[in-house]
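Before any comments, here is the structure.
Values quoted throughout were computed directly from the atomic coordinates according to the rules given, and no laboratory measurement underlies them. Everything numeric in this text was worked out from a predicted model, so none of it was measured. FYI the Cβ positions are ideal-geometry reconstructions off the backbone, even for glycines, and counts take in every protein chain you see.
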Amino acid sequence: MRLLGRALNSFELPDEILSRLDSALAHDTSLHSAHHSATLHQETYRHCWLLPDGSDLTLWEITRRGAPGDETLHEVYADPEEARVAASRAPFGPTEWHTWSSDDEPSAADLIAEETVPHREYVPDNSADHARRLLRRAENEDCPREDIADLLRNAFAHEITQAFTRPGLRATAGIGFALYEHAFLLLDGTEVSLWEVEHTATPDRRHMCEVYETEGEAHEAMERRARVL
């Protein structure tokens, strides 16, 4: 009832589906896909119910919101193909429009900033365990605090991107740096990133992993290693 009550298009569902849901015994909800960009946060959820006759019934929910604080819009579909098409089309909600007065034109910097904010393609794949393993292999003493580890126990989807690569400070010594962003989506919809530095700037040139809370801290760590070399 809560799902149908918040969906803007629930009236489009066939009556047969509504009557079958009345007798549902149990249900499960999982994240199917997610898209996060500067102007749109969108997730698709799969809701599956177990019915008394042993069969199951699946509905697909799409949630959309623009900037933080904007209203979240919900749609629900019984057909997965209809849900896929709905998720791929441009939304027409009020959060997707930008209004500029003639005296307040956006600057080039404003437009560039919006264009360069990367979107997220989160994958639900044991994300809390991925965060735990990432923090466990960190060898730096100033790795993320315990409260960050506690927060990431609520992660249910994540994305890994290579943010920076420094192939060789001393090519003959085989020394290199790489920086990865591990972005996590939490149950409440917030996002948390950890920054992983992988390098071989060690006395014996072995591979070492360090993890930091911010990109700035990660870059400073690489610079420190480079100065030592």
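Quick notes on this one:
- Sorting Leu186, Leu179, Leu25 by the number of Cβ atoms found within 10 Å of their own Cβ, with the fewest placed first, yields Leu25, Leu186, Leu179.
- In the range 127-228, Rg over Rh equals 1.01, where Rg is the alpha-carbon radius of gyration and Rh the Kirkwood radius from pairwise Cα distances.
- Extension gain (nm, one decimal) between Glu81 and Arg132, 0.36 nm per residue minus Cα-Cα: 14.8 nm
- Residue order, fewest to most surrounding Cβ atoms within 10 angstrom, among His47, His182: His47, His182
- Proxy reagent accessibility, fewest Cβ within 10 Å first, across Glu196, Glu217, Glu82: Glu82, Glu217, Glu196
- Relative contact order, percent, the range 2-99 [alpha-carbon distance under 8 Å, six or more residues apart]: 24 percent
- Here the calculated FRET efficiency for Thr202 and Gln162, from their Cβ-Cβ distance with R0 = 22 Å, stands at 0.60, rounded to the nearest 0.05.
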